[in-house]
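**Student:** Next up is a structure, given as structure tokens.
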Amino acid sequence: MKIAEIFKSIQGEGIYAGVEQVFVRLFGCNLKCSFCDTPLERYDEKSVSQIVSEVRQFGKVHSISLTGGEPLMQIEDLIELSKSLKNEGYLLYLETNGILYENLTKVIEYIDIIAMDFKLPTTTDQQSLWEDHREFLKIAKGKDVFVKVVIGKLTQIGDVLEALKIIKDIKSDLTLVLQPENPFEHALGGKVAFFKMLAKLHGMNIKVIPQKHKQLGIR
């Protein structure tokens, strides 16, 4: 597998922020979001057995974060890795951009928690991905899943409303996390607060959670 890094830290994003995890960061992504904070330039090739051996050395943690990049791009190897990690007794936490739904179907039986992004076009400077997100959430909804959207200076209300519509249609009781693009940019506070109010008016379970690892200055 193409592995960018394996390390132990706390989860810094979403509703599991603060839990201790081992991060297995897979190389490669199918998107180029304007706000990406993990550009990957190199990787090592490692076998599944090598990865599991490295993970084991970190001892007991809450869960294993399969992250990237986009981990679902290496789907066949990810299936083998997920099987092996489950056999070791780990909870598996998948961090994903929420697009490769066909690949998700192949590995979802081994996944416990899904941290799914909704890529808002006005935030990411990408094309619309609504139908991919819709199909992905249909598959993910049977798991412990939450949706995260990044809010930036250019984020528009129409994107947020479309995200709310999809979530309400498929799994209205999940938690939607609004994440400021930059946790230190106080100017975003008013915009995030407005979108939080909007989501509440639509009956959503909503949380505002900045990137805790950046605030704490840790990996």
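The values are calculated or read from the model by the stated rules, or taken from the named source; none is laboratory data. The structure presented is a predicted model; accordingly, all values stated were derived computationally and were not measured. Counting neighbours? That spans all protein chains shown, and the Cβs are built from the backbone with ideal geometry, glycine included.
**Student:** Considering LYS106, LYS86, which residue is charged (D, E, K, R), without any contact (Cβ under 8 Å) to a residue 40 or more places away in the chain, surrounded by 16 or more Cβ atoms within 10 Å (Cβ to Cβ) and more than 17 Å from THR175 (Cα to Cα)?
**Tutor:** LYS86
**Student:** Please go through segment 170-211 and give me each residue that is among the β-branched types (Val, Ile, Thr) and touching an Asp or Glu at 6+ places or on another chain (Cβ under 8 Å), ordered by number.
**Tutor:** Hits for segment 170-211 are VAL177, ILE209.
**Student:** Related question: Do you know which residues across segment 23-66 are β-branched (Val, Ile, Thr) and either surrounded by fewer than 17 Cβ atoms within 10 Å (Cβ to Cβ) or closer than 21 Å to VAL147 by Cα (or both)?
**Tutor:** VAL24, THR38, ILE64
**Student:** Tell me, which helices (runs of 4 or more DSSP H) lie completely within segment 1-118 with 3 or more residues that are farther than 28 Å from GLN215 by Cβ and among the acidic types (Asp, Glu)?
**Tutor:** Because the criterion is at least 3 residues that are farther than 28 Å from GLN215 by Cβ and among the acidic types (Asp, Glu), the helices (runs of 4 or more DSSP H) in segment 1-118 that meet it are 75-87.
**Student:** Which of the residues spanning segment 183-219 are free of Cβ contacts under 8 Å to residues at least 60 places away in the same chain and in contact with a helix residue (DSSP H, G or I) (Cβ under 7 Å, 6 or more places away or on another chain)?
**Tutor:** Of everything in segment 183-219, those that are free of Cβ contacts under 8 Å to residues at least 60 places away in the same chain and in contact with a helix residue (DSSP H, G or I) (Cβ under 7 Å, 6 or more places away or on another chain) turn out to be PRO183, PHE195, LEU198, ALA199, HIS202, MET204, ILE206, VAL208.
**Student:** Something else: Please go through segment 162-191 and give me each residue that is assigned to a helix (DSSP H, G or I) and either modelled with pLDDT of 95 or more or among the aromatic types (Phe, Trp, Tyr) (or both), ordered by number.
**Tutor:** Once the filter is applied, which keeps residues that are assigned to a helix (DSSP H, G or I) and either modelled with pLDDT of 95 or more or among the aromatic types (Phe, Trp, Tyr) (or both), segment 162-191 yields GLU162, ALA163, LEU164, LYS165, ILE166, ILE167, LYS168, ASP169, ILE170.
**Student:** Within segment 134-158, track down each residue that is within 26 Å of GLY189 (Cβ to Cβ) and either part of a loop (DSSP other than H, G, I, E, B) or not charged (D, E, K, R) (or both).
**Tutor:** PHE146, VAL147, VAL149, VAL150, ILE151, GLY152, LYS153, LEU154, THR155, GLN156, ILE157, GLY158
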